[in-house]
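Here is the structure we will look at, set down as structure tokens.
Every number in this text was worked out from the coordinates using simple rules, so none of it is lab data. Note that the structure is a prediction, hence the values are computed from the model and not measured. Here Cβ is always computed from backbone atoms with ideal geometry, including for glycine, and neighbour counts include all displayed protein chains.
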Amino acid sequence: MKISCFFAVGVFACILQKTWGSNLACDLPADPGSCHGFFPRYYYDTETSLCLIFIYGGCGGNENIFESEEECQSACSGSQPSSSSASVCDLPADPGSCHGFFPRYYYDAETSQCQFFIYGGCGGNENIFESEEECQAACYSSPSSSSGKF
């Protein structure tokens, strides 16, 4: 955030402006809140400069919480995903460090196919897709893919 102050027509005023990549909420740690719900949400991780998924309890928490990865990236990095399709698709499957049960897909660079796996709900990496079609769209057309299906 950026504060700009000025004096015009006998009035002193300050404006709070959002600047890409400097949203103060994005600097806060992930906070699941004080309730015990199970809501997948995204937060901006300053150490990796990525928007990562975590489980929100449903109440409390802080402002570093977003319903989608795109919303998180827009607020905190000002761009779409930082990794290219090729590098994302080369990452191994990573179920993350939590123990949830989220059916997902990842691109297996060794077999050149999208594979089903169970995601735990937090952590992991960017090689994670909600559907096989989403995985195919992201990875079958990437230079690292040699499947030739698309």
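Which of the chymotrypsin sites (Phe, Trp or Tyr not before Pro) across the range 91-144 are loop residues per DSSP, with 14 or fewer other Cβ within 10 Å?
On the way: sites: F101, Y105, Y106, Y107, F116, F117, Y119, F129, Y140; in loops: F101, Y140.
When the chymotrypsin sites (Phe, Trp or Tyr not before Pro) of the range 91-144 are filtered for loop state and at most 14 Cβ neighbours within 10 Å, F101 remain.
Summing Lys, Arg as +1 and Asp, Glu as -1, what charge do residues with Cβ under 15 Å from the Cβ of E67 carry, E67 excluded? Provide the component values of the computation, followed by the final result.
Details: positive: R41; negative: E63, E69, E70, E71, E130.
Here the count lands on -4.
Quick one: dipole size for the range 21-82, taken about the Cα centre, charges +1 on Lys/Arg Cβ and -1 on Asp/Glu Cβ, in debye to the nearest 20.
Working: 1 positive and 9 negative charges, 23 e Å.
So the magnitude is around 100 debye.
Net charge within 10 Å of Y105 by Cβ-Cβ distance, Lys/Arg positive one each and Asp/Glu negative one each, not counting Y105 itself?
-4
Taking the average, over residues, of other Cβ atoms within 10 Å as the packing measure, peptides 43-54, 25-36 rank 43-54, 25-36 from highest down.
Given R₀ = 22 Å, what would the calculated FRET efficiency be for E67 paired with Q115, taking r from the Cβ atoms and rounding to 0.05?
Values: r = 27 Å, r/R0 = 1.21.
So, using R0 = 22 Å, E works out to roughly 0.25.
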